Amino acid sequence: MEANSIPTELSEILKKARRVVAITGAGISAESGVPTFRGKDGLWKSFRAEDLATPWAFERDPALVWKWYDWRRGLIAKARPNAGHLALAEMEKRYPEFTLITQNVDGLHRKAGSHKVIEIHGNLWRVRCTAEEKIFYLEDVPLPEIPPHCSCGALVRPDVVWFGESLNPMLIQESQRALATCDLLFVVGTSGIVQPVASFPAIAKQSGAYIVEINPEPTPISAIASISLKGKSGEILPELLKTQSIQ
Ligand code: BJW
């Protein structure tokens, strides 16, 4: 999609919007070389979520879970933000209110220069002690000790949200507030099936927001999107930015 092929209605919306939210998923980092979860090359094709991304898996075999996370940390350490991440960071500067809700744990939005980021599924570089309320950052790849321990002797775990775990209620509230008052929502690179984020676009829809979905594939979100732009976010988002000189 090129800037001159963007429908007039959408360019008007992009220019006039004031309160903007973007929800992102693994697809936005695909062009940075970070694997997605679902789809033909997705992580869940080679690994079982229930063996690696649940609290029960960690209880059963913390070393196995940590080996998987350490491998992913290695991939992500080499990844650089792509044109899609950079376009969203630029939108944060241009719109008076801009909130980015990401399901990604790779930290690439912040690396791209986004400041107002809600990392609703956590962050892969942050870890927490399983015994105390202690949070810290582990930047070594590979980890010197697997599974790693806290100075108190307890295991530490990645500070991410696994299946069956609750998301941070403060982050949910903050997201819901932004969604309920936005006039434009971007939904980028997510399969739209993992709850509760999969239900977030409906909140914006209810308050009359215009919803732009960006994804090469249709998703359950497509049914409520005002427009679905089929393609890669690293190509489409920079084109949208070109038409979006705010009035
Ligand atoms: C491109 C592209 C390009 C490719 N450009 N696009 C209600 C009903 C049924 C079940 C539940 C329910 N409520 C809760 C559940 C259980 C569960 C759930 O939703 N399960 C569903 C699978 C059915 N949810 C939970 O357990 C959540 N907790 C919760 O709700 O607590 C309360 C509760 C608990 C239990 C029961 C009831 C209530 C927690 C969810 C945590 C998800 N965790 C993970 C791992 C995070 C850590 C890690 O990374 O290791 O989060 S799983 C994984 O999925 C990861 C992602 O953030 C998340 C979403 O995936 P995403 O981002 O959408 O990626 P993909 O791969 O699915 O899609 C990529 C998309 O990009 C595709 O569409 C491509 O086409 C596209 N794409 N290239 C643009 N270049």
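Pairing each residue of region 188-200 that is touching a residue at least 24 places away in the same chain (Cβ under 8 Å) with any residue that is near the ligand (Cβ under 6 Å from one of its atoms) and basic (K, R), provided the two are 6+ apart or on different chains, yields C-beta distances under 6 Å for S191/R38.
Among the basic types (K, R) and without any contact (Cβ under 8 Å) to a residue 24 or more places away in the chain: does that describe R80? No: the conditions fail for R80. When region 111-127 is filtered for residues that are farther than 14 Å from D159 by Cα and out of contact with any helix residue (DSSP H, G or I) (no Cβ under 7 Å at 6 or more places or on another chain), only K111 remains. Hey, among the residues in region 217-247 that are surrounded by fewer than 15 Cβ atoms within 10 Å (Cβ to Cβ) and outside any helix (DSSP H, G or I), which one's farthest from the ligand (Cβ to nearest atom)? If we take residues in region 217-247 being surrounded by fewer than 15 Cβ atoms within 10 Å (Cβ to Cβ) and outside any helix (DSSP H, G or I), then Q247 is farthest from the ligand (Cβ to nearest atom). Looking only at region 176-196, count how many residues are outside any loop (DSSP other than H, G, I, E, B) and either of a type in the set (D, E, K, R) or surrounded by 22 or more Cβ atoms within 10 Å (Cβ to Cβ) (or both). Looking only at that region, the number is 8. Regarding region 148-157, can at least one residue be identified that is part of a helix (DSSP H, G or I) and either without any contact (Cβ under 8 Å) to a residue 60 or more places away in the chain or in contact with an Asp or Glu (Cβ under 6 Å, 6 or more places away or on another chain) (or both)? Looking for residues that are part of a helix (DSSP H, G or I) and either without any contact (Cβ under 8 Å) to a residue 60 or more places away in the chain or in contact with an Asp or Glu (Cβ under 6 Å, 6 or more places away or on another chain) (or both), one finds none in region 148-157, hence no.
Can you spot a residue in region 147-161 that is within 16 Å of the ligand (Cβ to nearest atom) and among the polar types (S, T, N, Q)? No: region 147-161 contains no residue that is within 16 Å of the ligand (Cβ to nearest atom) and among the polar types (S, T, N, Q). Only a single criterion out of (1) polar (S, T, N, Q); (2) within 16 Å of the ligand (Cβ to nearest atom); (3) in contact (Cβ under 8 Å) with a residue 12 or more places away in the chain is not satisfied by S207, namely (2).
Being outside any strand (DSSP E or B), within 10 Å of the ligand (Cβ to nearest atom) and at positive phi is a description that does not apply to G33.
A short reminder: the numbers here are calculations on the coordinates, not readings from a lab. Small disclaimer: the values here were computed from a predicted structure and weren't measured. Neighbour counts run over all protein chains shown; Cβ positions are idealised from the backbone, glycine included.
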